[in-house]
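The next block holds one structure in the form of structure tokens; read it before the comments.
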Amino acid sequence: MTTRQKCPTPKNFCSTPLTANPLKSRLSQKSTAKRFTPYGKTPQSRRIAKAFPSTQGRRKVVRTKSKGLSNSNTESEELKGFTNKTWKVFKLSPLYKFSSSPRDLKRYGQLLSSSVAMANQKGIIEENNASGKAFFCVQQGVKKSQNDPDAIQILIKGRKHAGTTDTVLLTATLCGVEMEENLLSHDMENFTYYPVLLVKATVVLADVLITWLQRHFDCKVSPLVFPPVDLVWMIAMWSGALADTGHKNKPVELIYLVPSECEGIKKVTYTIQAEDCLKVWNSIHDSKAEMFTEEEMTTFISCLEEHFYCLFRIKLDAMQLSCVGTSLCYIGRDSLLKMT
């Protein structure tokens, strides 16, 4: 295991020994559940089978193998457009009177194109893309269950500065994968629920799209912030994800924000070889089991943090986990996502 930064020993974070369960307090401080947010409760990507009480608090049982993963070459090609790109992740409330029919999608493209042209006239968009046009279409390969809505891809094409060739200025996807049934009540039949909006564009052009969505579909769009507890789940699930695939695992990376009281350092980057992470995980969890629990996840991250403490006398559990990276993706609390 290696670290990327030499860490000082600031007062109040290194002078006292670790507690028996340093993650317990952080995991118990979950954000208040809100209606129509994809992470108001444990998400489907964790493959929850059931939940039952225990003496250590609520226990979650999670499958280690997701049904959504497939070796299909066709699926890989369909999802290729999502990889090796940095996305801004947003959450949405249900869209009012949204339709995925070809006729309506064409009309949405015309309306969004008018909004882009208006923003150009006002000088809001820096790029000289007066001929920019918006396109809506159903994106294949994203829908995984009958409860999922058809994923919608949004493209805005135009010319940058004095260029003569149209390029893609904005790429966005409205989607919801492996959604639960009956998320909307019966009196909301005119609404369509897309939990997630992925956007790759400049901040200004993304704001134009978000403003248009909110105005035309009476919805609320806001950045999706991942709390530390969700980041810890991702590390536990994906640290050795490529161990048996023949692909090389990238090192696991954890970035902690240092409290402002500690001058001279803003963050601590903790880098661990994926193989070492997998050894730690296998010592905690039975590799033949198809499920793992929250207690196993807590023990796993505690072991990593305790190892760091033994080397540098730095209490990572007293800091805020802000970003994690694995062989599958990099994701941070600031709503940025990169799938590799």
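The values are calculated or read from the model by the stated rules, or taken from the named source; none is laboratory data. Model, not experiment: these values are computed from the prediction. Here the Cβ positions follow ideal geometry from the backbone for every residue, glycine too, while neighbour counts run over all protein chains shown. Note: areas computed on protein heavy atoms with side chains; ligands, DNA, RNA excluded. Shrake-Rupley method; radii C 1.70, N 1.55, O 1.52, S 1.80 Å.
Quick notes on this one:
- Tail weight of P(r) past 22 Å, computed on alpha-carbon pairs of segment 188-340, percent: 52
- Distance (nanometres) between label positions extended 7 Å along Cα→Cβ at LYS250 and ARG107: 4.3
- Label point distance in nm, MET188-THR165, each placed 7 Å from Cα along Cα→Cβ: 4.5
- Taking all C-alpha pairs of segment 163-277, those more than 21 Å from each other amount to 65 percent.
- Across the cross-link table entries LYS133/LYS160; LYS85/LYS144; LYS91/LYS338, which are compared at the Cα atoms, the separations over 20 Å belong to LYS85/LYS144.
- All-pairs alpha carbon distance profile, segment 251-340, 5 Å steps from 0, percent: 3, 12, 20, 23, 21, 13, 6, 1, 1, 0
- Accessible-area composition of segment 242-331, carbon plus sulfur, in percent [1.4 Å probe]: 52
- Environment charge at GLY109 (Cβ cut-off 12 Å; Lys +1, Arg +1, Asp -1, Glu -1): +4
- Sparse-neighbour loop sites [trypsin sites (Lys or Arg not before Pro); segment 232-304; at most 16 other C-beta within 10 Å; DSSP]: LYS248, LYS266, LYS288
- Computed across segment 83-225, the Kirkwood radius stands at 15.8 Å (inverse of mean 1/r, all Cα pairs).
- The residues of segment 183-340 present an accessible area of 46 Å² per residue when probed at 1.4 Å with all protein chains retained.
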